[in-house]
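Novice: First the structure, which I've put down as structure tokens, then a few questions once you've had a look.
Taken together, the values in this text are just the output of simple stated rules run on the coordinates, not laboratory data. Just so it is clear, the model here is predicted, and its values are computed rather than measured. Positions of Cβ are generated from backbone atoms using ideal geometry, with glycine treated the same way; all protein chains shown enter the neighbour counts.
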Amino acid sequence: MKKKKGLSVLTPYLYIAPISLILLTFVAGSLIIAICFSFTKYNIITPAQFNGLYNYQKLFRDSKLQLCIINTLKITIISVPAQILCSTLFAVLIASRRKTFLGKLAKAAIFIPVLSSSAVVGTVWKAILNGGNPVVKAIFGIFGINPTMLLGSSKAAIVTLALLMVWKGMGYYMIIALSSLMSISDSYYEAARVDGANTWDLLTKITLPLLKPTIIMNTFLATISSMQVFDLIYTMTGGGPSMSTTTLVMYAYQLTFKSAKSGYAMAVSNVLMLIILIIVLFQQRFIRRDVSEL
Amino acid sequence: MKKISKFIVDIFLIFVILLCTLPFLYMILMSLKSTVNAYDISLNFSDMSFAHYRKIFSDPTFIRYFFNSVFVAVCGVILTLFTSCTAGYAFAKLKFKGSDKIFFLLLLTMLVPSEVILVPLYLLVRGFGWVNTFRALILPLPTAFGVFVMRNAIMAVPTELVESAQIDGATNGKILRTVILPLVKSSMLTVAIFTFIGAWNNFTWPLIITTDDAYRTLPIALTAMKTQYDTDVGLTMACAAVTFLPPFIFYLFMQSKFEEGMALSGLKG
């Protein structure tokens, strides 16, 4: 009897053991590896050698790294505001048409890029942009753009990638904004209309202020995901032309798999990890304060 | 005035519908063109054919990729459902020392940027000697998100149900299987769909942890095919369509589940 009691105390731990073991091994394990190996010289093949702060000192002398930081910032600065603007705009428009066929269709359509693999998105857009198709050429021609240059020139490629990230991601933030829009009580709008408010007043005085916490959260989510984008870049440009689309994650990947400099790669990705963790901590405090204000 | 603004909104919506669907229509259309010259713009439905699909599905390497994708995604779903239902039950209904702290620690792992830790994760899994194994593809799939969803769902199940089953002498395992799980099927479906799509679309992890065709999945095949069939756009587009369709079909039938899960994943922080 006593033995059975002892076992039942352990039961809850048995139930949480599988997921704890998986997360402990893979997430905590990776973090430990990332920190430990960043202090070593490691080329994957021969054993790692401790070399102190050398990798971190090297960060400051690496001109390629500076380029990658600038590229990462460029992608973030272009894609995040566009993503938030588009997702909020379409959420408001779709909410106003949510009972019509067109509204439902738009809600469904904007989500299709979100649920398709980056490999599919990359392959299809690459095929569209490589310029062979006369119809595609004609459509881009209206705006005076040569579609092959969008990925081919080092100046345009990063902008094209950032816009494709907007295209792929805006549906996700739109759904989050839409679900928060749906929770706004109709009584606010009715009361405002009785007081003679027009559509613009309703939008700027009721909808947007109440949507503010969601917009802030979406901004953080979009920032974090655009700073670590990898798969879309890998399939679209592979980091080129001439490193113009190599971001920090891409650089860490290349250092490990192309140049066999894993130790240094860890130092690079730890810097990015630290930046993202600071943003996340900031987000946690920011959102909590904003929610408590309401 | 009202008519004009309504018209402008309609135009905007039509624009976004076209913008989000045309590239995929292009993909389907190109995959069905039988002519070698896929850039032939004539929309002649008589020369539409499934020739490209027949060709890729008669290629043993492609079938292997397809099987790998299905296998990894299905195993990932089973593993995730198992780990998140058991842990969700423990956190929601069983009282044990440190449960709040452990739950908080598990949630903390969701803050770790997933793409950034892939290279260290590669070094770790490589250290286990798991390069080119299904273990390496499947075991890292479960996340704390599933535990979070299942815990919230199971918390909503009345505790009286659990207690009366305990009085009847049912074990925890039996309570979970016969009392709890039938009541939280909807949340299990959400977790299952998200895990399936995540695993199916996963690109970076299979790319770095596999080098052997026997373990590679469809998204990787797609980037490899692109170079293999460089000139044949139709064939590449058929591969892309096969990779695209399973998540899309899920979405067509379970749109509300997707939206529910998305809203939840946004709120998790």
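Novice: What's the extension gain from B:Leu19 to B:Gln166 if we count 0.36 nm per residue and subtract their Cα-Cα distance? Don't jump to the answer; show the numbers that get you there.
Specialist: Values: separation 147, 0.36 × 147 = 52.92 nm, distance 5.59 nm.
Contour length minus Cα-Cα distance gives 47.3 nm.
Novice: Could you tell me how many degrees, from 0 to 90 and to the nearest 10, lie between the Cα long axis of helix B:60-93 and the main elongation axis, the longest principal axis, of the Cα atoms of chain B?
Specialist: Here the helix axis deviates by roughly 20 degrees.
Novice: For the protein assembly as shown, what is the Kirkwood estimate of the hydrodynamic radius, computed as the reciprocal of the mean inverse distance between distinct Cα atoms, to one decimal in Å?
Specialist: Numbers: mean 1/r = 0.0390 Å⁻¹.
Its Kirkwood hydrodynamic radius stands at 25.6 Å.
Novice: 222 nm [θ] for chain B, helices only, -39500 (n - 2.57) per DSSP H run of 4+, per residue, to 500? If you can, show how the numbers build up before the last one.
Specialist: Working: 13 runs with 185 residues, N = 269.
Mean residue ellipticity at 222 nm (helix-derived): -22500 deg cm²/dmol.
Novice: Now a separate question. Quick one: helix B:99-108 against the long Cα principal axis of chain B, what's the angle to the nearest 10°, folded into 0 to 90?
Specialist: For helix B:99-108, the angle is close to 20 degrees.
Novice: Also, I was wondering about something else. Restricting attention to the stretch A:162-271, which trypsin sites (Lys or Arg not before Pro) occupy a DSSP loop and are surrounded by at most 14 other Cβ atoms within 10 Å? Walk me through the numbers before you get to the answer.
Specialist: Numbers: sites: A:Lys168, A:Arg193, A:Lys205, A:Lys258, A:Lys261; in loops: A:Lys258, A:Lys261.
Passing both the DSSP loop test and the Cβ count: A:Lys258.
Novice: Sticking with this structure for a sec: Listed highest first by mean packing, meaning other Cβ atoms within 10 Å per residue, what order do A:224-237, A:148-161, B:170-183 come in? Display every interim value, and only then the final one.
Specialist: On the way: A:224-237: 22.1, A:148-161: 17.9, B:170-183: 15.6.
Listed from highest to lowest mean packing, they are A:224-237, A:148-161, B:170-183.
Novice: Additional query: Per-residue mean of other chain beta-carbon atoms within 10 angstrom of the beta-carbon, peptide A:168-177? All intermediate terms of the calculation are to be shown ahead of the outcome.
Specialist: On the way: counts 1, 0, 3, 3, 3, 2, 2, 8, 7, 2.
For peptide A:168-177, the averaged partner shielding equals 3.
Novice: How compact and how long is the stretch B:177-259, expressed as Rg and Dmax of its alpha-carbon atoms in Å?
Specialist: Cα only, the stretch B:177-259: 16.7, 57 Å (Rg, Dmax).
Novice: Read phi for every residue in the stretch B:120-126 and hand back ³J(HN,Hα) as whole Hz from Karplus 6.51 cos²θ - 1.76 cosθ + 1.60, θ = phi - 60°, with x for Gly and Pro.
Specialist: x, 4, 4, 4, 5, 5, 5
Novice: Let me ask something additional. Just counting partner chain Cβ atoms within 10 Å, what average do the residues of peptide A:103-114 show around their Cβ? Intermediate results must be reported in sequence, preceding the final value.
Specialist: Values: counts 3, 1, 5, 8, 5, 7, 10, 6, 6, 10, 5, 6.
Per residue, the average neighbour count from other chains is 6.
Novice: Could you pull out every one of the lysines with an alpha carbon less than 23 Å from that of B:Lys185, ignoring same-chain neighbours closer than 8 positions?
Specialist: By straight Cα distance, B:Lys185 reaches B:Lys93, B:Lys174, B:Lys257, B:Lys268.
Novice: Mind listing the phi-derived Karplus ³J(HN,Hα) values for the stretch B:134-146, rounded to whole Hz, using 6.51, -1.76 and 1.60 with θ = phi - 60°, and x for any glycine or proline?
Specialist: Couplings: 6, 3, 5, 7, 9, 4, x, 5, x, 10, 5, 4, x Hz.
Novice: Rounded to the nearest 500, what is chain A's calculated 222 nm mean residue ellipticity when only DSSP H runs of at least 4 contribute -39500 (n - 2.57) each, over all residues?
Specialist: Values: 14 runs with 217 residues, N = 294.
It comes out at -24500 deg cm²/dmol, rounded to the nearest 500.
Novice: What residues have an amide H closer than 5 Å to that of A:Lys41, excluding those fewer than 5 places away on the same chain, when H is modeled at 1.01 Å from N in the peptide plane?
Specialist: A:Gln49, A:Phe50, A:Asn51
Novice: Only Lys, Arg, Asp and Glu count, each charged at its Cβ (+1, +1, -1, -1), so figure out the dipole size of the protein assembly as shown about its Cα centre, rounded to 20 debye. Working shown, then result.
Specialist: On the way: 47 positive and 23 negative charges, 194 e Å.
It works out to roughly 940 debye.
Novice: Using the Karplus equation 6.51 cos²θ - 1.76 cosθ + 1.60 (θ = phi - 60°), what ³J(HN,Hα) coupling, rounded to whole Hz, does each residue of the stretch B:214-219 give in order, writing x for Gly and Pro?
Specialist: Using θ = phi - 60°, the values come out as 5, 10, 7, 9, 3, x Hz.
Novice: Related question: Which lysines, on any chain, are close to B:Lys55 with Cα under 17 Å apart, when same-chain ones fewer than 8 places away are left out?
Specialist: Qualifying lysines at Cα under 17 Å: B:Lys33, B:Lys226.
Novice: Using amide H atoms built 1.01 Å from N in the peptide plane, name the residues 5+ places from A:Gly240, or on other chains, whose amide H lies under 5 Å from its own.
Specialist: A:Thr245
Novice: In which sequence would A:Ile45, A:Ile94 go, from the one with the fewest C-beta neighbours within 10 Å to the one with the most?
Specialist: Values: A:Ile45 7, A:Ile94 26.
Ranking A:Ile45, A:Ile94 by Cβ neighbours within 10 Å, fewest first, gives A:Ile45, A:Ile94.
Novice: Among A:Tyr189, B:Tyr215, which comes first, then next, by fewest other beta-carbon atoms within 10 Å? All intermediate terms of the calculation are to be shown ahead of the outcome.
Specialist: Values: A:Tyr189 15, B:Tyr215 21.
Going from least to most buried by this count: A:Tyr189, B:Tyr215.
Novice: Further question on the same structure: Show me the helices of chain A, taken as full DSSP H stretches, that run 30 Å or more along their long axis by Cα and average -1.0 or above in Kyte-Doolittle hydropathy. Mind dumping the intermediate values first?
Specialist: Numbers: long enough: A:2-23 (33 Å, 0.65); A:63-96 (50 Å, 1.49); A:154-182 (42 Å, 1.40); A:262-293 (46 Å, 1.01).
Those that clear 30 Å and a mean of -1.0 are A:2-23, A:63-96, A:154-182, A:262-293.
Novice: Could I ask something else about it? From the C-alpha gyration tensor of chain B, pull out the three semi-axes of the equivalent ellipsoid (sqrt of 5λ each), sorted largest to smallest, in whole Å. Numbers along the way, then the final one.
Specialist: Working: eigenvalues 332, 142, 62 Å².
Whole-Å semi-axes of the equivalent ellipsoid: 41, 27, 18.
Novice: Sort B:Val119, A:Val114 so that the residue with the fewest other Cβ atoms within 10 Å of its own Cβ comes first and the one with the most comes last. It would help to have the intermediate numbers written out before the result.
Specialist: Details: B:Val119 26, A:Val114 22.
The fewest-first ordering by Cβ neighbours comes to A:Val114, B:Val119.
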